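One structure is given below, encoded as structure tokens.
Nothing in this text is a laboratory measurement; each read-out follows from the coordinates by a stated rule. Remember, it's a predicted structure, so these values are computed and weren't measured experimentally. In this analysis, Cβ positions are derived from the backbone assuming ideal geometry, glycine residues included, and neighbour counts consider all displayed protein chains.
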């Protein structure tokens, strides 16, 4: 694969897909974006690839899980709860190898390649959006887990008080992701809460402070277990910037193993929405490289 | 190193050290045990090695942290809070290479080599004794973290109610390790609580049930983050056997990501106190082998 000079990277989301030509230095040469409907998703991806002129390799990230053993994808916001053989379908349509991984894996690989965590060996990317999930690089390697679902940290248990939401989406996600923020503030979306807090609204600020406490607590658990050099925070909720970031750092230090807490920094994404896209390109271009 | 047929493995504890000759198939040929005093620890280890007749390589596990970057050991129950250049001192005394790691790393490597988790790629060993700590193998590799202190899971944050103990030993350890068990039962040691529960004492049984809830909750966090095939439980507290094991399994399933929860089994150590010793031998005999 050493002759690959560029790949097409695709970031498949619940409502839209982004695709780009990315070279082996990580430069984006051309890009396209289109809405996704739940019909022929493989065909829509192939159309985006065709629009970009094709490539020797394709890297695709999905909002869910890629099961390497079976080659199937589970992405409820795209396909409902059925697993789909998306890689096989795409390779049949396109005739080139397709490397698939989860969006959180793509994001941590992207940030470690070209973003906030460039060159580090131990990095966690935490996506705080509608859901909560982590991509983990430890000792220079992407962790996948035995069944390719490592990083499902939205299920972290942080509170013993019973709540039926914990069984639906996980305890940490039910406390700290976008929908919880909106609900606590009585506003229609987390974006609205962030905007209100940024204009000084006291209740919205208190909701974000409470959110930062939950985020810091769960991040502390990742720090104690994995002793990373950096935790990179991305996802829509992190638009709140320092309103969340500073209190998250303080709360993390309250809980984490003290030496590990001193060794880690917590930073916002540098690549934003392109983190996953660039990670997908890296995984396609350098499949055998430890990141 | 391919010509190494046996190593001397040493398990350094706070009050005693165990040493054994272990061959490359994991058979223990001879062993010795002696008390440790805080004076000349390297000399005491060298004496044990001499008693066993020497070896081409030595594997040593310590009750604390081994910092690979500096070669120093932090093991408060042996050396107080000072870091010691134990590897350098031993190599000067013995003239052979010494491979050092933490006891929890040794235990997970031992169980994966010869014990409950034989041949698995994703395994966590959780030691539940006076303290609480984990050794982690993910994707066939031992996780060390950026500063060699990965697995400090006794610091898991599981409860928001403030308690000064959390800042001393970590939240999870303050809830679920031996001293917490003894304190809740009003007995002098966790061993006494386990014995009382095994003879049917209702209060001791309730204390263990509460302990199992905390253990299951923290184990769930490891399962959600790392998606292991097996969690192996060791340490003195696990002498309680099924009194803890079954309720731990139930509680884990209450919290962990559901797919990951179905993919994992929770088992007791098969190697008991030899897990770390055998892991130390494996690390010395096969330093470059992914476990």
Discussion item. Starting from the 7 Å offset along Cα-to-Cβ, what nm value, one decimal, do you get for the label separation of residue B:160 and residue A:118?
Written reply: 3.9 nm
Worksheet item: Using alpha carbons only, how many degrees (0 to 90, rounded to 10) separate the axis of helix B:41-51 from the longest principal axis of chain B?
Response: 70 degrees
Response to the item:
One decimal, nm, nearest first: from residue B:254 to the same residue in each other copy, label points 7 Å out along Cα→Cβ, the values are 2.4
Worksheet, complete the sentence: Inter-copy distances for residue A:203, label 7 Å out on the Cα-Cβ vector, sorted ascending, nm, one decimal, are 4.8
Practice prompt. Taking chain B as the reference, fit the longest principal axis to its C-alpha atoms, fit the long axis of helix B:103-114 to the helix C-alpha atoms, and give the angle between the two in degrees, 0 to 90, nearest 10.
Written response: 90 degrees
Item to complete: Provide A:27, B:171 in ascending order of the number of other Cβ atoms located within 10 Å of each residue's Cβ, fewest first.
Response: A:27, B:171
Fill in: Rh by Kirkwood over Cα pairs, then Stokes-Einstein D for chain A at 1.306 mPa s and 10 °C, µm²/s
82 µm²/s
Discussion item. Output the 0 to 90 degree angle, nearest 10, between the alpha-carbon long axis of helix A:274-285 and the longest principal axis computed from the alpha carbons of chain A.
Written reply: 40 degrees
Worksheet item: Fewest first, what order do B:38, B:203 take by the number of other Cβ atoms within 10 Å?
Response: B:38, B:203
Worksheet item: Per the Cauchy relation, a quarter of the hull surface: what is the mean projected area of the convex hull of the alpha carbons in the protein assembly as shown, in nm²?
Response: 27.4 nm²
Worksheet item: Where both partners of a DSSP beta bridge lie in segment B:39-109, what percent of those bridges are antiparallel, to the nearest 5?
Response: 45 percent
Worksheet, complete the sentence: Honestly segment B:90-136 on the Cα gyration tensor test (a ≥ b ≥ c root eigenvalues; a/c under 1.5 rounded, otherwise a/b vs b/c for prolate or oblate) is just oblate
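Taking 1 over the mean of 1/r across every pair of different Cα atoms in segment A:199-251, what Kirkwood radius in Å do you get? Working shown, then result.
Working: mean 1/r = 0.0856 Å⁻¹.
This gives a value of 11.7 Å.
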Discussion item. Using a 7 Å offset from the Cα along the Cα-to-Cβ direction at both residue B:195 and residue B:31, what is the distance between the two label points in nm, to one decimal?
Written reply: 2.3 nm
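Determine the shape class of segment B:158-283: with a ≥ b ≥ c the square roots of the Cα gyration tensor eigenvalues, call it rounded for a/c under 1.5, and otherwise prolate if a/b is greater than b/c, oblate otherwise.
Note, shape of segment B:158-283 comes out rounded.
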Worksheet item: Where the centre of each part is set by its Cα atoms, how far does segment A:48-120 sit from segment B:207-269, in angstrom?
Response: 33 Å
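Rank the residues B:107, B:199 as a footprinting-exposure proxy: fewest other Cβ atoms within 10 Å of their Cβ go first. Before the final figure, lay out each step's value.
Details: B:107 33, B:199 9.
Listing B:107, B:199 from fewest to most nearby Cβ atoms yields B:199, B:107.
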Practice prompt. Label segment A:1-104 by shape, choosing from rounded, prolate and oblate, from the square roots a ≥ b ≥ c of the eigenvalues of the Cα gyration tensor; if a/c is under 1.5 it is rounded, and otherwise prolate applies when a/b is larger than b/c, oblate when it is not.
Written response: prolate
Worksheet, complete the sentence: Zone reached by a paramagnetic label modelled 7 Å from residue A:168 Cα along Cα→Cβ, restricted to segment B:244-262 with backbone N below 19 Å, covers B:254-259
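Given the DSSP H assignment, sum -39500 (n - 2.57) over each helix run of at least 4 residues in the protein assembly as shown and divide by its residue total; what's the result at 222 nm in deg cm²/dmol, nearest 500?
On the way: 24 runs with 242 residues, N = 582.
Counting only the DSSP helices, I get -12000 deg cm²/dmol.
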Fill in: Pairwise FRET efficiency - residue A:96 versus residue B:92, Cβ, R0 = 41 Å, nearest 0.05
0.10
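Of all DSSP beta bridges located in the protein assembly as shown, what percent are antiparallel, nearest 5?
On the way: 52 of 88 bridges.
Around 60 percent antiparallel, to the nearest 5.
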Item to complete: Distances from residue B:24 to the same position in the other copies: list them in nm, one decimal, shortest first, using label points 7 Å from Cα along Cα→Cβ.
Response: 3.8
Worksheet item: In whole Å, what is the distance between the alpha-carbon centres of segment B:154-171 and segment B:121-143?
Response: 20 Å
Worksheet item: In chain A, what percentage of the DSSP-assigned beta bridges are antiparallel, given to the nearest 5?
Response: 60 percent
Worksheet entry | Spacing of the two label points (7 Å from each Cα toward its C-beta) at residue A:267 and residue A:67, in nm | 3.7 nm
